[in-house]
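The values are calculated or read from the model by the stated rules, or taken from the named source; none is laboratory data. Bear in mind that the values here come from a model prediction, so they are computed numbers and not experimental data. All Cβ positions, even for glycine, are placed from backbone atoms using ideal geometry, and neighbour counts span all protein chains on display.
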Amino acid sequence: MTERLDSPIKRAVVVGGSSAGMLAAAAVRNRVDSVEIIEAHELPTGSEPRTGVPQAAHIHFLQAGGAEAIDSLLPDTINQLLAAGAHRVPMTTNMIVQSPEGWYRRWRSTTHYVITASRDLTDSIIRNQVLKDPRVSVRTQTRVTGLLGSNRQVTGVRVREADGGESTLRTDLVIDASGRASRMPHWLEGLGVTGLAEDRIDSGLVYASRMYRAPVPTRNWPVVAIQADPSLPQPGTAGGILPIEGDHWHVSLMGAPGRHPTSDPSQFAAFARTLRHPVIADLIEHAEPVTDVSVTHSTANRRYRYERLNPWPAGLIVLGDALAAFNPLYGQGISVAALSAVALRDGLDHGFAPDFARRAQRDIARRTNTAWTLAVGQDIHFPTTTGKSPTLADRLLRRYISRLSRTATGSFHAATALTDVLALQAPPTSLVKPSVLLAALVGPQRPQLHGPQFTPAEQFLLKKLEVSK
């Protein structure tokens, strides 16, 4: 166990038992005497679904940057996740992706990857890693109803137990990781902190997802994705297949207003066939569905600008979806929560000065910027998007990124530059380095692919499926 650093923080309270809350607890556990997580529901003991996480029914993955952040907070977590059946999928080596600009080649990469697993498995491994620390405890069936203190200093929280009884918890540090349903804006108003800015950009995408028993071994099977093209006149559609634990495929389909998928199981495969390419429909035609279809409309990008508030109460931190929630299409949520938790830990390493919370909140905002830029930079170009319209600068940037993406279909250098950013391992500004600008100017060095690039071994398995139909 790591020795606690000298710090005036004796007790921390984390609001929310999600992965973001668990990672926040991991970030502070070595710097306090105790951490108590307040969770409104019961927490499962294994990899069962957790109440209050409707997005768990849809595909999730960890970007390389997020996986590295988790391991820095909770060493060996990713190895445990892989041992439990998750997959480490190299980008773009084991990916079949049709972007708006064409099919990406399966370049060999040793540094970029995603970790694919069900959300329930990922949550359970992180949760078990955190809760084995005796300094961390959980109070379930309990809701936080407000903050104690003033606009200068938060000193605790008010809570309501399952029986309706109310009490107060005094603490040195409050961390809100309660997700999209966070009540923090209201709680701050109760302390006299007003003027909170909110950005909300909603493309209107609807998700429909279900699990399948894969008809092929999932170990080393590629991720398959058909991306939406905002430039097309019809409503955008997209879809993906992730290999996950238990030789299952997790399949999600997305559609913009006017072309939404539904929860009707008989229409799921039919909707997949309306995507820009039928590869997902062709694959699931051979697979056995093992769940019903789950649908969600909660896909808006929403971000609170807590880092801009003045005053900002000492002893208060907000992170995870409570700070910024992203369109799930981009698979960034848990990775950003992990990077934010690392920012919190690093801030504590520099001491608990009076302005610690303000500095940490600003650093967390900076760690959120890349994912926010990527998600919003895509979504604002859908004609159905509300909340923001693309400016001239946005359109020019879109044209450049589109050119770079087209170059990436035939240039390893351009593909690596894009993947650096998508993996949350480099800032978007890295895409305008001279070498990347030159690559985009030169364009692709290989001809465009005309369809999915399956390996000979994968083609052999697919042919066997056709014969056995």
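Consider A117 carefully, then state whether it is more than 26 Å from D33 (Cβ to Cβ), among the aliphatic types (A, V, I, L, M) and free of Cβ contacts under 8 Å to residues at least 40 places away in the same chain. Give the steps one after another, and end with the answer.
Numbers: more than 26 Å from D33 (Cβ to Cβ): yes; among the aliphatic types (A, V, I, L, M): yes; free of Cβ contacts under 8 Å to residues at least 40 places away in the same chain: no.
Considered against the rule, which asks whether it is more than 26 Å from D33 (Cβ to Cβ), among the aliphatic types (A, V, I, L, M) and free of Cβ contacts under 8 Å to residues at least 40 places away in the same chain, A117 comes out as no.
Spot the failing condition for W249; the list is (1) surrounded by fewer than 24 Cβ atoms within 10 Å (Cβ to Cβ); (2) modelled with pLDDT of 95 or more; (3) of a type outside the set (D, E, K, R), and only one is missed.
Among (1) surrounded by fewer than 24 Cβ atoms within 10 Å (Cβ to Cβ); (2) modelled with pLDDT of 95 or more; (3) of a type outside the set (D, E, K, R), the lone unmet condition for W249 is (1).
What do you reckon, is P383 of a type outside the set (A, V, I, L, M), out of contact with any strand residue (DSSP E or B) (no Cβ under 9 Å at 6 or more places or on another chain) and not in a helix (DSSP H, G or I)? Spell out the reasoning first.
Working: of a type outside the set (A, V, I, L, M): yes; out of contact with any strand residue (DSSP E or B) (no Cβ under 9 Å at 6 or more places or on another chain): yes; not in a helix (DSSP H, G or I): yes.
Taking the combined requirement at face value, the residue satisfies it.
What is the residue count in the range 107-135 for residues that are of a type in the set (D, E, K, R) and surrounded by 21 or more Cβ atoms within 10 Å (Cβ to Cβ)?
Here is the first cut: in the range 107-135, the ones of a type in the set (D, E, K, R) are 108, 119-120, 123, 127, 132-133, 135.
When the remaining residues are screened for being surrounded by 21 or more Cβ atoms within 10 Å (Cβ to Cβ), the result is 119, 123, 127.
The total comes to 3.
Assess whether A40 counts as being assigned to a helix (DSSP H, G or I), aliphatic (A, V, I, L, M) and either buried (at least 23 other Cβ atoms within 10 Å of the Cβ) or touching a residue at least 40 places away in the same chain (Cβ under 8 Å) (or both). Walk me through it before giving the result.
Details: assigned to a helix (DSSP H, G or I): no; aliphatic (A, V, I, L, M): yes; either buried (at least 23 other Cβ atoms within 10 Å of the Cβ) or touching a residue at least 40 places away in the same chain (Cβ under 8 Å) (or both): yes.
Answer is no for this residue.
Yes or no: N301 buried (at least 21 other Cβ atoms within 10 Å of the Cβ) and either assigned by TED's automatic domain parsing to the domain that holds D363 or in contact with a helix residue (DSSP H, G or I) (Cβ under 9 Å, 6 or more places away or on another chain) (or both)? Explain how you work it out, then say what you get.
Details: buried (at least 21 other Cβ atoms within 10 Å of the Cβ): yes; either assigned by TED's automatic domain parsing to the domain that holds D363 or in contact with a helix residue (DSSP H, G or I) (Cβ under 9 Å, 6 or more places away or on another chain) (or both): yes.
For N301, the condition - buried (at least 21 other Cβ atoms within 10 Å of the Cβ) and either assigned by TED's automatic domain parsing to the domain that holds D363 or in contact with a helix residue (DSSP H, G or I) (Cβ under 9 Å, 6 or more places away or on another chain) (or both) - is met.
Matching residues to (1) touching a residue at least 24 places away in the same chain (Cβ under 8 Å); (2) in contact with a Pro (Cβ under 7 Å, 6 or more places away or on another chain); (3) under 22 Å from V13 (Cα atoms):
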| position | (1), (2), (3) |
| --- | --- |
| V279 | yes, yes, no |
| E288 | yes, no, no |
| L319 | yes, no, yes |
| A322 | yes, no, yes |
| N327 | yes, no, no |
| A337 | yes, no, yes |
| S340 | yes, no, yes |
| A353 | no, no, yes |
| F356 | yes, no, yes |
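Do any strands (runs of 3 or more DSSP E) entirely within the range 63-167 hold 2 or more residues that are more than 24 Å from the chain's Cα centre (by Cα), and if so, which? Break it down stepwise before answering.
Working: elements: 87-90, 95-99, 113-116, 136-139, 142-149, 154-161.
Per the criteria, 136-139, 142-149, 154-161.
Would you mind listing the helices (runs of 4 or more DSSP H) fully within the range 412-469 where at least 2 residues are surrounded by fewer than 16 Cβ atoms within 10 Å (Cβ to Cβ)? Don't jump to the end; show me each part of the working.
Details: elements: 412-422, 434-442, 456-468.
The qualifying helices (runs of 4 or more DSSP H) are 434-442, 456-468.
Taking interchain pairs and intrachain pairs at least six residues apart, which have beta carbon atoms under 8 angstrom, with the first residue in the range 388-408 and part of a loop (DSSP other than H, G, I, E, B) and the second surrounded by 16 or more Cβ atoms within 10 Å (Cβ to Cβ)?
K388/I201; K388/V376; K388/I380; S389/I380; P390/I380; P390/H381; P390/R398
Pick from the range 252-302 the residues that are part of a strand (DSSP E or B) and within 23 Å of L374 (Cβ to Cβ): which of them is modelled with the lowest pLDDT?
Applying the first criterion (part of a strand (DSSP E or B)) to the range 252-302 yields 252-255, 288-289, 294-296, 301-302.
Then drop every residue that is not within 23 Å of L374 (Cβ to Cβ), which leaves 252-255, 296, 301-302.
Details: S252: 95, L253: 96, M254: 94, G255: 93, T296: 89, N301: 93, R302: 95.
Across the range 252-302, the extreme among qualifying residues is T296.
Among S266, S335, S294, which is the only one that is surrounded by fewer than 20 Cβ atoms within 10 Å (Cβ to Cβ), hydroxyl-bearing (S, T, Y) and touching a helix residue (DSSP H, G or I) at 6+ places or on another chain (Cβ under 7 Å)?
Numbers: S266 fails: touching a helix residue (DSSP H, G or I) at 6+ places or on another chain (Cβ under 7 Å); S335 fails: surrounded by fewer than 20 Cβ atoms within 10 Å (Cβ to Cβ).
Of S266, S335, S294, the one residue that is surrounded by fewer than 20 Cβ atoms within 10 Å (Cβ to Cβ), hydroxyl-bearing (S, T, Y) and touching a helix residue (DSSP H, G or I) at 6+ places or on another chain (Cβ under 7 Å) is S294.
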